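**Q** The following block contains the structure, expressed as structure tokens.
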């Protein structure tokens, strides 16, 4: 396929077009992705997540600069699941990265939409695969917010960074376990702000409670890095910690990396099946004779959606699942 | 069931406990929801969506006040899909509504989490059903952001309001068709800000392009209401427009309402089936003999997830779907 060859050669126009097709859910993009799949898995993927306003984009901009100085090529993906608006805050953020816009070794894209049945995670993974197949050394994936979508997205990364700012002390207690478990590195950005020590201490206490068991060789304890991205402070240390986490992940005879890749592959497979299944079920239900009366039964409260859903699963689907 | 009786009687403690169970995904909540289902459908549900910072919570607070003055009881649900943090901005927003906290006819809840396979829309609908079964006249559902999750959530409402602010003129062109199609009413809040007329005009032009066809009796043209929620300006007009939309929705011999309820029921059914299906497939795949080698094949790139997903669907699922 000509598109495949071009992307493997790093062609920006072809890649940009494919990424747009993925974002728009164009079916032909699937065939290209299938052909690219064997060529993926070479890039190192770093996920960066955190609330709007913590300075993620400035941090990402400085990370790009630092990786460029180290001679690495980059793919950068900004994901904003909160907004099908293409403008707004995210646009301002992109502008901050413009200084890299003319660098042929930095390819920056953003994703904002998703299919009706929730395909943003799927799209993000596909775009990461495209950047990977293009031969980028490092892929930075920035997401807005720290919700479930973002967690799903960042866990596809080799190293996941959660960015906080000082003064979130009270909120840290409210961080749900899910976030804690996915963070490989915590960054406290805007470190010049009041409350830095308290926030870092709160994080340490939380990690102590969470990671009481295990010894240092077997368990990764997320380091906490203070940064002032705007003046480039702490960025070199952050890159060192990413490298340390990479060494940890690739160590142990490759067993950890393999486990990471297996979990990632499983989630990808489930997402793909779910997407197909929902499309199939919607199509078949809508075209079944019973459809109209089923919906009437629901509207007229002769049955509830849980019971009907269970019935449909039992009659039409469960017995066939092997 | 005692819990069902108590909720039908409007008992706040029992309802609050059930809503927590729904948010946490406790299976027993399903049984209560099934029993409540026949008692739902009496409340009028209004969805309010828009970016953070447009003043939604202040607007909701004023709407609560106005509905209370009209003698209506209210259920209010704040949904924040961007964050499993329970603190942060949303907490500040809730505080703004505190003046209604002691009013027994105003029941305010928030939802922030969701199951791993994306059950926020499902949870939100369930909580709306609980508030409805409690006998509330009006249910206000506020969501942060205008992404797909929010669209799914607000479309369960009878009337959907999208809140903007002046100066979003350039961004309006970027509003994806999805948002336009779900909005029954546009609010331009913070109307004292510069650019009000431009934003309202941009909206009008956009609606003109979208709604060129059809006559006034058959097609609802979303009105645009300018508000200054902070000083309660425009709120009475907004309530009139909601009432006008209700009259439209309930008119035409009930056909429009029926169609709305049918679409809602269909989406609910699909969500329920998808949730069950994913749980079943994950369980069965993980326990199948071929599982380990399947995942190895993916990790070692002997097959791609699209092709494998298609195979699993074809071999195990498709032929059984009726």
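No lab work stands behind these numbers, since they all come straight from the coordinates. A quick note: this is a predicted structure, and the numbers were derived from the prediction, not measured. Here the Cβ positions follow ideal geometry from the backbone for every residue, glycine too, while neighbour counts run over all protein chains shown.
**Q** Can you pull the mean other chain C-beta count within 10 Å for peptide B:274-284?
**A** 5
**Q** Starting from a label point 7 Å past Cα on the Cβ side, list the distances from residue A:236 to the same position in the other copies, nm, shortest first.
**A** 6.6
**Q** Further question on the same structure: Based on the Cβ-Cβ distance from residue A:236 to residue A:280, what FRET efficiency comes out when R0 is 56 Å, to the nearest 0.05?
**A** Details: r = 51 Å, r/R0 = 0.91.
In this case the efficiency is close to 0.65.
**Q** Across the residues of A:291-299, average count of Cβ atoms on other protein chains within 10 Å?
**A** Going residue by residue through A:291-299 and averaging, the value is 4.
**Q** For B:299, B:106, what ranking results if the residue with the fewest other Cβ atoms within 10 Å of its Cβ goes first? List each step's numbers first, then the result.
**A** Working: B:299 19, B:106 22.
Result, fewest neighbours first: B:299, B:106.
**Q** Another one. In nm to one decimal, list the spacings between the residue A:193 label point and its equivalents in the other copies, with label points set 7 Å along Cα to Cβ, shortest first.
**A** 2.1
**Q** Between residue B:300 and residue B:255, how high is the FRET efficiency from 1/(1 + (r/R0)^6) when r is the Cβ-Cβ distance and R₀ = 60 Å? Nearest 0.05. Could the numbers behind the result be given before it?
**A** Values: r = 57 Å, r/R0 = 0.94.
The calculated FRET efficiency here is 0.60.
**Q** Oh, and also: In nm to one decimal, list the spacings between the residue A:307 label point and its equivalents in the other copies, with label points set 7 Å along Cα to Cβ, shortest first.
**A** Those separations, rounded to one decimal, come out as 4.7 nm.
**Q** I've got another one for you. Among B:219, B:54, A:188, which comes first, then next, by fewest other beta-carbon atoms within 10 Å?
**A** Numbers: B:219 10, B:54 22, A:188 26.
Ordered from fewest to most neighbouring Cβ atoms within 10 Å, B:219, B:54, A:188 come out as B:219, B:54, A:188.
**Q** Give me the inter-chain shielding for A:24-34: mean count of other chain Cβ atoms within 10 Å, whole number please.
**A** Working: counts 0, 0, 0, 0, 0, 0, 4, 1, 0, 3, 6.
If you average over the peptide's residues, the count of other-chain Cβ atoms is 1.
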